[in-house]
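Remarks on the structure that follows.
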Amino acid sequence: MPLVYQQDINDECRLGVWEISEAEDFFLQKVAPIRQISHPHKRIQHLAGRYLLLELFPDFPIDLVMLADTRRPFLPGGPFHFSVSHGGDFAAALVSRKFRAGVDVELIGPRIQSLQHKFLSNHESLLLDQWPCSRMQALTMAWSMKESMFKWNAGSGIDFRQHLQLKELHHVNGYYKADAVLKKDAPRYLPLHGLLFPGFALTWVLANG
Ligand SMILES: CC(C)(COP(=O)(O)OP(=O)(O)OC[C@H]1O[C@@H](n2cnc3c(N)ncnc32)[C@H](O)[C@@H]1OP(=O)(O)O)[C@@H](O)C(=O)NCCC(=O)NCCS
């Protein structure tokens, strides 16, 4: 199946979600894995993410992508910033010519309820009532936003409760939004965006690095 969602955020930045129904060979026509992955579905997810980068920007230099020690993929010296995520049969990518990017796709399911105390403060937990969705959807959205921040930051030693904090939540024209702060060194305020789809949440952050 092709792209199931694409948003051209502006001239220099595109966001997309691919629903994976193809066999591995389909993706291998255009992209190769950057590392060895033995699990077949994880390998297809990885290939779909790389394929999606090319779908969003056909001039994306996929063969120049390198892997940092943290396993974060990056393009040395530009010309694109990007982030990739996958969950179940979905792959998401965010590509920007200007800003550092973090994206996350998260399947919605009851497992998140038992994890909430690991990543949410009591204050954040109360804030979630401000979003017009079920508790399970709100928890998934909050977790996904913190994953997007984690990926944007690309650093180590991040504790989701202590260092990634959601401060104010909004819901505007169908978009879930959060003013968040990354509190590792000097506080860094970040605008988080999210959308709910049947079965999954998609979140992203774009900001100067
Ligand atoms: C790295 C991490 C963010 C990946 O998230 P995930 O939900 O497992 O997987 P996703 O599908 O969303 O993202 C995977 C993609 O992120 C990218 N990625 C991997 N490591 C990364 C890193 N350190 N920084 C940024 N991006 C990274 C890669 O593109 C990867 O896909 P690929 O290998 O196919 O290219 C996650 O494993 C992690 O470390 N999370 C934070 C730690 C944590 O969970 N703490 C618990 C708090 S309660």
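The values are calculated or read from the model by the stated rules, or taken from the named source; none is laboratory data. On a predicted model such as this, the values are computed, not experimentally measured, just so you know. All Cβ positions, glycine included, derive from the backbone under ideal geometry; neighbour counts span all protein chains shown. Accessible surface areas use protein heavy atoms only, side chains included; no ligands, DNA or RNA. Shrake-Rupley method; radii C 1.70, N 1.55, O 1.52, S 1.80 Å.
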| Out of all the residues in the range 132-150, is one or more away from the ligand (no atom under 14 Å from the Cβ), open to solvent by less than 70 Å² (accessible area, probe 1.4 Å) and not hydrophobic (A, V, I, L, M, F, W, C)? | yes
| query | For the range 66-105, which residues satisfy the criterion of being open to solvent by 30 Å² or more (accessible area, probe 1.4 Å), more than 12 Å from the ligand (Cβ to nearest atom) and touching a strand residue (DSSP E or B) at 6+ places or on another chain (Cβ under 8 Å)? | reply | PRO76, ASP89, ARG97, LYS98, PHE99
| message | Of everything in the range 157-209, what is in contact with a helix residue (DSSP H, G or I) (Cβ under 7 Å, 6 or more places away or on another chain) and of a type in the set (Val, Ile, Thr)? Give them in sequence order. | response | ILE158, THR203, VAL205
| For ARG14, are the conditions met, namely being in contact (Cβ under 8 Å) with a residue 40 or more places away in the chain and touching a helix residue (DSSP H, G or I) at 6+ places or on another chain (Cβ under 7 Å)? | yes
| request: Look through the range 1-43, keep the residues that are over 28 Å from ASN208 (Cα atoms) and of a type in the set (Ser, Thr, Tyr), and return whichever of them is surrounded by the most Cβ atoms within 10 Å (Cβ to Cβ). | output: SER21
| Would a scan of the range 153-166 turn up a residue that is open to solvent by 40 Å² or more (accessible area, probe 1.4 Å) and either among the β-branched types (Val, Ile, Thr) or part of a strand (DSSP E or B) (or both)? | no
